[in-house]
Amino acid sequence: MNAFLQAITIGIPQGALYGLMGFGIAMIFRSAGTLNFSHGYSAMVSVLITLTTIEWFFDAGIVEGHAALFAAIPVGLISGAVFGVLIDLLLMRRVKHVSPASMLMITLGLLLVFEGTANLVWSPDYESFPRILPGPPFIFEGTGALEEIRVVFRRNDLAVMLIALVISLSLAAVMKYTKIGLAIRARGQDPVGAQAVGINTNRVDSIVWGLALLLATVVGILVAPITRVHPTMLMNTQLLGITAAVLGGFSSLFGAVWGGLMIGVLERVIDIFPALDGYETAIIFFLIILVLVFKPQGIFAPKQGRKA
């Protein structure tokens, strides 16, 4: 029981990060019609910019201690959003009406460009990154009939869950109640119809790219203390983010969030069994193949005729 509960407490925050990554990937897919294979790598560069800003604050004596992290985070988030807008303006807008294959190749090329830039400008070495919420973990110990239960909650995991919850609720509110949210949904559902009612789809695409890579940067900053900062730090997170989007259904943005939570918990539950150690990814993808065979549109896709 303890092992199962512990797996859930670790899997939920991890899955929340997969879900946020998948949300951004699904947004771009619905808007641009292509998978962005450079998603995690562009965020990795933004994390490196954040780390460089932290070090600069320390060296210049502008901000000291843990406050330097929070002072540097906006710089990283802005850089992520700028990367997204520039990718759309300078590259994707030129080919999106020509060939989906061209768009896919551009994202693969950007993957190599971002990775090469990280190696040349910074370093292939692993760099440490401060946690959002440092300190010893909280330990829950049951009493009475639950006295055998003992679960450890890592402080940084709690911060990740809180941040993911706030972001998810904020995105839900933006998508449902704001003009830009309605425009994004309309653009993904019916591009021609969106243009017919006066929506500037080019502007919406730029906003989607900027927002999606800003979200990826958030994920990168939250993952960095665990993986440390290096050029391939988000490779696995990006892969499982795509998987979350596929599992949840690309027609439902928030299906990616639920898909990510399922994958995160499943990944940690598999770890409980020693005989399956090292096979987590293979088992997850096998189960996803089965799901897609029987429900190709994804588990959380809306009913036919409607789009989330």
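Where a number appears in this text, it was derived from the coordinates with a stated rule and is not lab data. From a predicted model like this one, the values you see are computed outputs, not experimental measurements. Neighbour counts are summed over all protein chains in view; Cβ atoms, including those assigned to glycine, are modelled from backbone coordinates with ideal geometry.
Between Leu158 and Ala173, the modelled label-to-label distance comes to 2.4 nm, taking each label 7 Å out from Cα in the direction of the beta carbon.
Shown for Lys295, Lys179: other C-beta atoms within 10 Å of each C-beta, ranked fewest to most, produce the order Lys179, Lys295.
Taken about its Cα centre, the chain carries a charge dipole of roughly 1480 debye when the Cβ of each Lys and Arg holds +1 and the Cβ of each Asp and Glu holds -1. Taking other C-beta atoms within 10 Å as the exposure proxy, Phe300, Phe140 rank Phe140, Phe300 from fewest upward.
Fully extending the segment from Phe4 to Leu86 would add 25.1 nm, taking 0.36 nm per residue of separation and subtracting the current Cα-Cα distance. Were the residues from Val293 through Leu239 laid out at 0.36 nm apart, the gain over their Cα-Cα distance would be 17.5 nm. Between Met105 and Ile139, the contour length at 0.36 nm per residue exceeds the Cα-Cα span by 7.4 nm. log10 I(q)/I(0), Debye, Cα-only the chain, no solvent, q = 0.08, 0.11 Å⁻¹? Calculated log10 I(q)/I(0) at the listed q: -0.37, -0.70. Working from label points 7 Å from Cα in the Cα-to-Cβ sense, the Asn202 to Ile149 distance is 5.7 nm. Between Gly249, Asn236, Gly188, whose Cα lies farthest towards the positive end of the dipole of the stretch 172-299 when Lys and Arg beta carbons carry +1 and Asp and Glu beta carbons carry -1, centred on the Cα centre? Comparing the listed Cα positions along the dipole, Gly188 ranks first. With the simple model of a label 7 Å out from the Cα in the direction of the Cβ, Phe286 to His97 spans 4.8 nm.
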